[in-house]
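Below is one structure; the comments refer to it alone.
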Amino acid sequence: MTDLDKNRVQSLIEGEMSWDEMRNEVLPDPKDPDRFEKTRAVLQERVDWDDPILVPLNDHLYVVGTDDGRVVRADCGEDLCGVDDNWKRSCEVFVRDDAEEFEELYEEYMHVDPDWAFELREWYCPGCYELIDVDAVPVGYPVIKPFDPDIDTFYEEWQGRPAPDRGGDETAAD
Amino acid sequence: MSKPESELHDPETTTREREFDDVEPPIGWDGQTLQEMLDESEHLLEETGHYRGLDELEFKEQDPFQYEQMYSRLRGALVSARETALHVSASPIVREIGELCFQIYTPEGDSVAVSTGIIVHVHTGSLAIKYMIEEDYEHGRGIQPGDVFCNNDNDLGNVHTTDVHTFVPIFYEDELVAWADGVTHEIDIGGMTRGHDQIASTNRHEDGLYATCEKIGEDDQLYQDWRDRGQRGVRTPMYWDLDEKCRLAGCHMIREAIHEMIDEVGVDTFKQFLYEAVEEGRQIMESRVKERMFPGTYREAGFHPIQWEDKAWQPGAQQNMMNHLPVEMTIDGDGEMELDLEGATPPGPHPFNCAEGSMEGALWVYLTQSLLHDGKVNDGANYAVDTNYPEGSVVNPQDPDRSYHTPWATIFSTYLAVSKCLSNGFFSRGFREEVITGYGEPGDALQGGGKLKDSVADAIPDALGDYWPVGPFDFSCQGLGASACRDGLDYGYAMFNPEADLGDVEEWEQTQWGLLQLSRRVKPNTAGHGKYRGGSGWEGLHTVMGSEDVSMYAFSIPTVTWSSAGMSGGYPGGTSYSVRVHDTDLAERAAADEPYPLDDQPVGSLEDQIEGEEVIRDQDGMFFPEEFENHDLLRYQTSGGPGWGDPLERPPEKLKEDIEEDIFTPDIVEQVYGVVGDYDANDREFTIDEEATEQRRQEIREERAERTQSFDEFFDEERERVEESDWNDGIQYMYDGVFEQSEEWAEEFREFWDLDDDYSP
């Protein structure tokens, strides 16, 4: 079984592990059963706010418990929306759909044919302009919410305690 | 439990000398017919939620050592059959690449264990066996000891036409105790064009040779008429014949191993073991979901463009099309996974239609690489996942008339979306190392064939004939997507087979006699951008020599659009394009010891390095069969994987390595990553200008603030385009098809864009 201590989880999050370390310590099955709590603890220490992280969504987004309910928050502290809403609706967006814009990223011939009305939508945090997601979709494609976590089922049924924003003991076993 | 000696297992007797006594139906267990066994199995699963109603694994709990030993022995027999039998084959696809696998099924057709290899077939054989049961082969066509059956009909249980299954029923006494199934990937199956992943066929009748759960032999011998049909039905009869013998030999090895096992442990123990192994597979899947994933709903979508308006041969296929492959994955509180593709486009006049069995097979090949690395992979896991591949859609046409030659295009795009759904779950649980943003799609770089000129043909063995097929497995080596803690693997991944391997070029040159490989090189700027970049793709250059009647084509993706993007701010890799140069001066250059081209780098430079009467440079990497003459050049490309994270977070020293290793070019690095410096291409040394880099990165951040718009502005602009159907005919094909196929998806579309109830694209 893998058994990463908090410092190793920190290294994993920072992308500091070599391939050998990754292969020997991190990738093998079965996995350390408390990885979720260790990860959550490391992430919590990295942000400048105290509301409990409930679920990490990606590099810069978390579902966070607040006095006003659960929100999607960027690590810069910007609250994007309530947990039930699609956070992309709160982002700043840049749409690439012509050759000149594609060729800022790709070489000629190695990007979408502009005649195909297919676009790259870049979603930026409105607080700090970190790029937090990219969609590659046809024109007119609805903006999908990628993940809608069932937070209470996870904490109550899989972890055996209420979520941290609902009185759960954060030190309970994963 | 008793351990009777099997009359069928006599090590002193070779297979061919055996005589088999017919058995009278019913041939199932305890006097049941196979149909009764299947009905009971389905009923018990429905009623209890457990395979065969087994809520406890009694044998495993009472004697775990013997249980595990039996599983290991069974799996060992399958792997051994594969590793031995592949040497019977002459096709490099089977012998060198290992594009074959063997599996064992219960009498009612549920897979228990699978060998290594193309494990996509863990479930496809199951469907074919169940078809034979439901069509009552037991009383009609007959299922007897020594019989041999064959299937490659995708609509009944297969992935694509060139995957051919051989089934052997395994009897003990008068009961059918199991089925053995061997699959090989043929280098040719007949059909309207050469190649093993055809692109020109538009319906079943153009796909090539089909065996529809057909009895092809008895008493361990193949029927003469079946062998004649194969010999006359494909372009490569020798490879066909030896591949078939390979499958049959492997199935017979498995039968021997099972008879030995039953002789040792007794038939009752063996039966109990089979059922418990399937139920354990189901339980492992559920527990692994709870260990790695987060309950909730995940949504992503894949897209596959088909730009055929000016390329397709058949009138009905001369249009631009896009397949829509939406994925909604739900994980409930019990750890049950549901996969729903509601909203997939209808099937079409192309070979990318994908039977339900193909989609299910692909699910297993992908889950074994992402969630079930060490589990018991069998149909138990299948029963732990609830799937909806909508009937009448491109992912489940339920129409045998369709062409199913190359469903991989549909599979690759779909499972990019599945990969992202799974990865969102892994990330949320802290398993960043298991995140995979996707992969470069393994479209075939090159397919086709030609004939050697008489003067050259004399130099090779007569048995091979003058025809040389082209089906290299260069597409086994695409870039893998990034994870959430490291870059993707460069040029070394194939979604369809976890043992990705392109083989030795020398092996292929002994098959593709008239096709010479001039070069293979890393292709810069194929990797998807990100804090962790995707793995890189590569490009190669071929020429033709000593041949005539040569035609070749490419099944390539992604081409004119992407299939999907990266994750968490990562971008997709570069798309593939094609260059062909006809009637060149290559021979004159070679004779004069002058340089010849090795790549198209910088992009657009190939034609400057060679004289040619005709240069075809196409942004679409996919092209239909085209004639080639000796010394013509053909450039192809593999794909890079998507990236993870904001590119501005990638450390400059990593980009220095990328430039020096030809992963990215300095101009792209400066534009995307904001890293500025001087590159000495001769010494492959990039020197970072730290001050300029800091300034450029700040500029990019400022540009982001300046050029972005609010969601509301985006929404208004995009909605206007929706109202005016402001897109090309390929996108129109997609929206028309989805609205026709799924009222549910159409409703959701209208709701999102706040459109009237009568809106249609």
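The values are calculated or read from the model by the stated rules, or taken from the named source; none is laboratory data. In this text, all values refer to a predicted model and were calculated from it rather than measured experimentally. Cβ sites come from the backbone with ideal geometry, for glycine too, and all protein chains shown count toward neighbours.
Hey, among A:Lys31, A:Lys6, which residue is charged (D, E, K, R) and buried (at least 20 other Cβ atoms within 10 Å of the Cβ)?
Working: A:Lys6 fails: buried (at least 20 other Cβ atoms within 10 Å of the Cβ).
None of the other options fit; the residue is A:Lys31.
Here is a list of conditions, (1) among the polar types (S, T, N, Q); (2) facing chain A (nearest Cβ under 9 Å); (3) over 39 Å from the mean Cα position of the chain (by Cα); (4) surrounded by 15 or more Cβ atoms within 10 Å (Cβ to Cβ), and B:Asn728 meets all of them except one; can you say which number that is?
Checking B:Asn728 against (1) among the polar types (S, T, N, Q); (2) facing chain A (nearest Cβ under 9 Å); (3) over 39 Å from the mean Cα position of the chain (by Cα); (4) surrounded by 15 or more Cβ atoms within 10 Å (Cβ to Cβ), the one that fails is (3).
Being within 13 Å of chain A (Cβ to nearest Cβ), surrounded by fewer than 24 Cβ atoms within 10 Å (Cβ to Cβ), touching a Phe, Trp or Tyr at 6+ places or on another chain (Cβ under 9 Å) and touching a residue at least 24 places away in the same chain (Cβ under 8 Å) is true for just one of B:Thr638, B:Thr665. Which residue is that? Outline the logic, then answer.
Numbers: B:Thr638 fails: surrounded by fewer than 24 Cβ atoms within 10 Å (Cβ to Cβ).
Every option except B:Thr665 fails the conditions.
Among the numbered criteria (1) touching a Gly at 6+ places or on another chain (Cβ under 7 Å); (2) surrounded by fewer than 19 Cβ atoms within 10 Å (Cβ to Cβ), which single criterion is violated by B:Asn388?
Against the list (1) touching a Gly at 6+ places or on another chain (Cβ under 7 Å); (2) surrounded by fewer than 19 Cβ atoms within 10 Å (Cβ to Cβ), B:Asn388 comes up short only on (1).
Quick check on my filter: what residues within region B:292-342 are among the aromatic types (Phe, Trp, Tyr), closer than 21 Å to B:Met734 by Cβ and away from chain A (no Cβ under 11 Å)?
Residues of region B:292-342 among the aromatic types (Phe, Trp, Tyr): B:294, B:298, B:303, B:308, B:313.
With closer than 21 Å to B:Met734 by Cβ added as a condition, the list becomes B:303, B:308.
Passing the criteria: only B:Trp308.
Would you confirm, using the coordinates I've provided, whether B:Ile254 is part of a helix (DSSP H, G or I), more than 14 Å from chain A (Cβ to nearest Cβ) and closer than 30 Å to B:Phe65 by Cα?
Here the answer is yes, as B:Ile254 does meet what is asked.
Any residue at all in region B:350-372 that is part of a loop (DSSP other than H, G, I, E, B) and closer than 26 Å to A:Pro30 by Cβ? Steps first, answer last, please.
Kept after step one, since they are part of a loop (DSSP other than H, G, I, E, B), are these residues of region B:350-372: B:350-355, B:371-372.
Next cut, closer than 26 Å to A:Pro30 by Cβ only: B:371-372.
The answer is yes; a qualifying residue exists.
Listed here are the residues, each with its yes/no results for (1) crowded, with 23+ Cβ neighbours inside 10 Å; (2) in the same structural domain as B:Asp487 (by TED's automatic domain parsing); (3) of a type outside the set (S, T, N, Q); (4) at pLDDT below 95.
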position	(1), (2), (3), (4)
B:Gly574	yes, yes, yes, no
B:Leu634	yes, yes, yes, no
B:Glu661	no, no, yes, no
B:Glu670	no, no, yes, no
B:Val675	yes, no, yes, no
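How many residues, within region A:1-51, are among the small types (Gly, Ala, Ser) and under 29 Å from A:Asp67 (Cβ atoms)? Even if it seems obvious, please write down each step before you answer.
The first filter runs over region A:1-51 and keeps only residues among the small types (Gly, Ala, Ser), leaving A:11, A:15, A:18, A:41.
If we keep only those that are under 29 Å from A:Asp67 (Cβ atoms) as well, we get A:41.
Adding up the residues that qualify gives 1.
Of the residues that sit in region B:475-503 and are crowded, with 23+ Cβ neighbours inside 10 Å and of a type in the set (D, E, K, R), which one is nearest to B:Arg432 (Cα to Cα)?
Looking at the filtered set, the residue picked out is B:Asp487.
Of the residues in region A:12-59, how many are among the aromatic types (Phe, Trp, Tyr) and more than 7 Å from chain B (Cβ to nearest Cβ)?
If we filter region A:12-59 for residues that are among the aromatic types (Phe, Trp, Tyr), which is where we start, we get A:19, A:36, A:49.
Remaining after also requiring more than 7 Å from chain B (Cβ to nearest Cβ): A:19, A:49.
Qualifying residue count, region A:12-59: 2.
For region B:382-393, state whether one or more residues are in contact with a Ser or Thr (Cβ under 7 Å, 6 or more places away or on another chain), under 22 Å from B:Ala312 (Cβ atoms) and at pLDDT 90 or above.
yes
Considering only region B:66-86, I want to know if a residue exists there that is assigned to a loop (DSSP other than H, G, I, E, B) and in the same structural domain as B:Glu260 (by TED's automatic domain parsing). Talk me through it step by step, then tell me what you get.
Restricting attention to region B:66-86, the residues satisfying the condition of being assigned to a loop (DSSP other than H, G, I, E, B) are none.
No, that holds for no residue.
Suppose we filter region B:618-635 for residues that are outside any loop (DSSP other than H, G, I, E, B) and more than 10 Å from chain A (Cβ to nearest Cβ); how many remain? Walk me through it before giving the result.
Going residue by residue through region B:618-635, those that are outside any loop (DSSP other than H, G, I, E, B) are B:618, B:623-628, B:633-635.
Right, trim to more than 10 Å from chain A (Cβ to nearest Cβ) and you get B:623-628, B:633-635.
Of the residues in region B:618-635, 9 are outside any loop (DSSP other than H, G, I, E, B) and more than 10 Å from chain A (Cβ to nearest Cβ).
Kindly establish whether A:Met1 is in a loop (DSSP other than H, G, I, E, B), crowded, with 17+ Cβ neighbours inside 10 Å and more than 16 Å from the chain's Cα centre (by Cα). Steps first, please.
Numbers: in a loop (DSSP other than H, G, I, E, B): yes; crowded, with 17+ Cβ neighbours inside 10 Å: no; more than 16 Å from the chain's Cα centre (by Cα): yes.
When the stated conditions are applied, A:Met1 does not pass them.
Residue by residue, here is whether (1) surrounded by fewer than 23 Cβ atoms within 10 Å (Cβ to Cβ); (2) hydrophobic (A, V, I, L, M, F, W, C); (3) more than 14 Å from chain A (Cβ to nearest Cβ) holds:
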| position | (1), (2), (3) |
| --- | --- |
| B:Ser568 | no, no, no |
| B:Val579 | no, yes, no |
| B:Glu607 | yes, no, no |
| B:Glu611 | yes, no, yes |
| B:Ile616 | yes, yes, no |
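Restricting to region A:81-106, and then to whatever is in a helix (DSSP H, G or I) and within 30 Å of B:Thr297 (Cα to Cα), can you tell me which residue is farthest from the other protein chains (Cβ to nearest Cβ)?
Here is the first cut: in region A:81-106, the ones in a helix (DSSP H, G or I) are A:87-90, A:99-102.
Still in the list and also within 30 Å of B:Thr297 (Cα to Cα): A:87-90.
Working: A:Trp87: 10, A:Lys88: 7, A:Arg89: 5, A:Ser90: 7 Å.
Top of the filtered list is A:Trp87.
Any residue at all in region B:459-468 that's hydroxyl-bearing (Ser, Thr, Tyr) and buried (at least 24 other Cβ atoms within 10 Å of the Cβ)?
no
Determine the pairs where a residue that is basic (Lys, Arg), located within region B:136-155, has a partner that is surrounded by fewer than 23 Cβ atoms within 10 Å (Cβ to Cβ) with Cβ atoms under 6 Å apart, the partner being 6 or more residues away or on another chain.
Sorted first by the residue in region B:136-155, then by its partner, the pairs are B:Arg141/B:Lys215.
For region B:731-760, which residues satisfy the criterion of being touching an Asp or Glu at 6+ places or on another chain (Cβ under 6 Å) and within 9 Å of chain A (Cβ to nearest Cβ)?
Within region B:731-760, no residue meets the criteria.
Could you list, in sequence order, all residues of region B:252-276 that are touching a helix residue (DSSP H, G or I) at 6+ places or on another chain (Cβ under 6 Å) and either within 16 Å of B:Ser41 (Cα to Cα) or β-branched (Val, Ile, Thr) (or both)?
B:Ile254, B:Ile262, B:Gln272, B:Phe273, B:Tyr275, B:Glu276
How many residues does region B:520-540 contain that are away from chain A (no Cβ under 14 Å) and crowded, with 24+ Cβ neighbours inside 10 Å?
0
For A:Tyr62, state whether it is facing chain B (nearest Cβ under 10 Å), in contact with a Gly (Cβ under 9 Å, 6 or more places away or on another chain) and hydroxyl-bearing (Ser, Thr, Tyr). Walk me through it before giving the result.
Values: facing chain B (nearest Cβ under 10 Å): yes; in contact with a Gly (Cβ under 9 Å, 6 or more places away or on another chain): no; hydroxyl-bearing (Ser, Thr, Tyr): yes.
For A:Tyr62, the condition - facing chain B (nearest Cβ under 10 Å), in contact with a Gly (Cβ under 9 Å, 6 or more places away or on another chain) and hydroxyl-bearing (Ser, Thr, Tyr) - is not met.
Which pairs have Cβ atoms under 9 Å, sit 6 or more apart or on different chains, and link a residue in region B:702-728 that is assigned to a helix (DSSP H, G or I) to one that is surrounded by fewer than 13 Cβ atoms within 10 Å (Cβ to Cβ) and not hydrophobic (A, V, I, L, M, F, W, C)?
Close Cβ pairs satisfying both conditions: B:Phe715/B:Asp754; B:Arg719/B:Asp754.
Wholly within region A:107-174, which strands (runs of 3 or more DSSP E) include no fewer than the required count, namely at least 2 residues that are more than 7 Å from chain B (Cβ to nearest Cβ)?
Values: elements: A:118-124, A:131-138, A:147-149.
Filter on region A:107-174 gives A:118-124.
Which one of B:Gly281, B:Gly335, B:Gly302 is at pLDDT below 95 and within 23 Å of the chain's Cα centre (by Cα)? Let's see the steps before the verdict.
Numbers: B:Gly335 fails: within 23 Å of the chain's Cα centre (by Cα); B:Gly302 fails: at pLDDT below 95.
Answer to the selection: B:Gly281.
Residues in region B:391-409: is at least one under 22 Å from B:Met293 (Cβ atoms) and of a type outside the set (Gly, Ala, Ser)? Even if it seems obvious, please write down each step before you answer.
Here is the first cut: in region B:391-409, the residues under 22 Å from B:Met293 (Cβ atoms) are none.
Checked against the condition, which is being under 22 Å from B:Met293 (Cβ atoms) and of a type outside the set (Gly, Ala, Ser), region B:391-409 yields no hits at all.
Any chance you could count how many residues in region B:544-591 are part of a loop (DSSP other than H, G, I, E, B), over 30 Å from B:Val669 (Cβ atoms) and touching a Lys or Arg at 6+ places or on another chain (Cβ under 9 Å)? Even if it seems obvious, please write down each step before you answer.
Going through region B:544-591, the residues part of a loop (DSSP other than H, G, I, E, B) turn out to be B:545-546, B:555-566, B:568-577, B:585.
Still in the running and over 30 Å from B:Val669 (Cβ atoms): B:545-546, B:555, B:585.
The next check asks that each one be touching a Lys or Arg at 6+ places or on another chain (Cβ under 9 Å); those that pass are B:546.
Count: 1.
Specify the residue that is farthest from B:Gly375 (Cα to Cα); the eligible residues are those in region A:13-33 that are in a helix (DSSP H, G or I) and out of contact with any Asp or Glu (no Cβ under 7 Å at 6 or more places or on another chain). Outline the logic, then answer.
Of the residues in region A:13-33, the ones in a helix (DSSP H, G or I) are A:13-14, A:19-26.
Cutting the leftovers down to out of contact with any Asp or Glu (no Cβ under 7 Å at 6 or more places or on another chain) gives us A:13-14, A:19-21, A:23-25.
Values: A:Ile13: 27, A:Glu14: 30, A:Trp19: 24, A:Asp20: 24, A:Glu21: 24, A:Arg23: 19, A:Asn24: 19, A:Glu25: 20 Å.
Step by step, filter region A:13-33, then rank; the result is A:Glu14.
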